[in-house]
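J.: Okay, here's the structure, questions in a sec.
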Amino acid sequence: MKRILIINGHPNKESFCNSLAENYFKGAVKLELASAKILNLYDLSFNPILQNGYQTRTELEPDLLASWELIKEANHIVFVYPNWWGTYPALLKGFIDRLFLPGFTFDYQNNSPLPKKLMKGKSASIIVTMDSPGFYYNLFLRKPGHNSMKKSILKFCGFSPVKSVSFRTIKGSTEENRIKWLKKAEQLGLNQF
């Protein structure tokens, strides 16, 4: 049975990302082929700043320790977040900074610039809401947030495959658009994308 962890990285409980995460969850558990949990980062209490970099390990707060246990249990992680300033909210970045640590998700190797990928055997998906038009984000900006999340973070740590889907343009979208996107999120969960 697939064990799915849906990480909602939007800081606002009333966000469309929250609805997307819930609909993905509904789809994921519909056929009882998977177990799923939602981790809403807005519910957690932790300092998002990695105070000393990797020089000194900052003690993890209880919410981060509990989150780490959920990450370890899952074999598929879904990140749901808005694209802000080309990447992702500070809350999600802080969560990653604090938990995706050497010895946790990757490790340095002697005589190699490449990391030991400690998340091998796990897959990931990213579901991103955005206002940038596709041609602008993809061609002009060259997908900075998607590349950062997929390549610099998830693949760096060993997640594979890493898939992505974007819902755009949120600003000015109609209720009909949003209903269609929520149905698609549920279908993604059902297909365990």
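Read-outs: derived from the displayed coordinates by stated rules, not from any lab. Nothing here was measured: the structure is a model prediction, and the numbers come from that model. Every residue, glycine among them, receives a Cβ derived from its backbone with ideal geometry; neighbour counts consider all protein chains shown.
J.: Consider only pairs whose beta carbons are under 7 Å apart and that are at least six residues apart or on different chains; among these, list those whose first residue lies in the range 92-114 and is surrounded by 18 or more Cβ atoms within 10 Å (Cβ to Cβ) and whose second residue is in a strand (DSSP E or B).
T.: So the pair list comes out as Leu92/Tyr81; Phe106/Pro115; Phe106/Lys116; Phe106/Lys117.
J.: Being buried (at least 16 other Cβ atoms within 10 Å of the Cβ) and either part of a strand (DSSP E or B) or touching a residue at least 40 places away in the same chain (Cβ under 8 Å) (or both) is true for just one of Tyr54, Tyr24. Which residue is that?
T.: Tyr24
J.: Which condition breaks for Leu5 when tested against (1) in a loop (DSSP other than H, G, I, E, B); (2) within 18 Å of the chain's Cα centre (by Cα); (3) surrounded by 15 or more Cβ atoms within 10 Å (Cβ to Cβ)?
T.: (1)
J.: Something else now. Looking only at strands (runs of 3 or more DSSP E) that lie completely in the range 85-193, which have at least 3 residues being within 16 Å of the chain's Cα centre (by Cα)?
T.: Where strands (runs of 3 or more DSSP E) fall fully within the range 85-193 and carry at least 3 residues being within 16 Å of the chain's Cα centre (by Cα), they are 123-130, 162-168.
J.: Scan the range 33-51 residue by residue and report those that are of a type in the set (S, T, N, Q) and within 15 Å of Phe95 (Cα to Cα).
T.: Asn40, Ser45, Asn47, Gln51
J.: Within the range 60-82, take every residue that is surrounded by fewer than 22 Cβ atoms within 10 Å (Cβ to Cβ) and part of a loop (DSSP other than H, G, I, E, B) and give me the one that is nearest to the chain's Cα centre (by Cα).
T.: That would be Asn75.
J.: Any idea which residue in the range 27-43 is farthest from Thr129 (Cα to Cα), counting only those that are surrounded by 17 or more Cβ atoms within 10 Å (Cβ to Cβ) and touching a residue at least 40 places away in the same chain (Cβ under 8 Å)?
T.: Ala34
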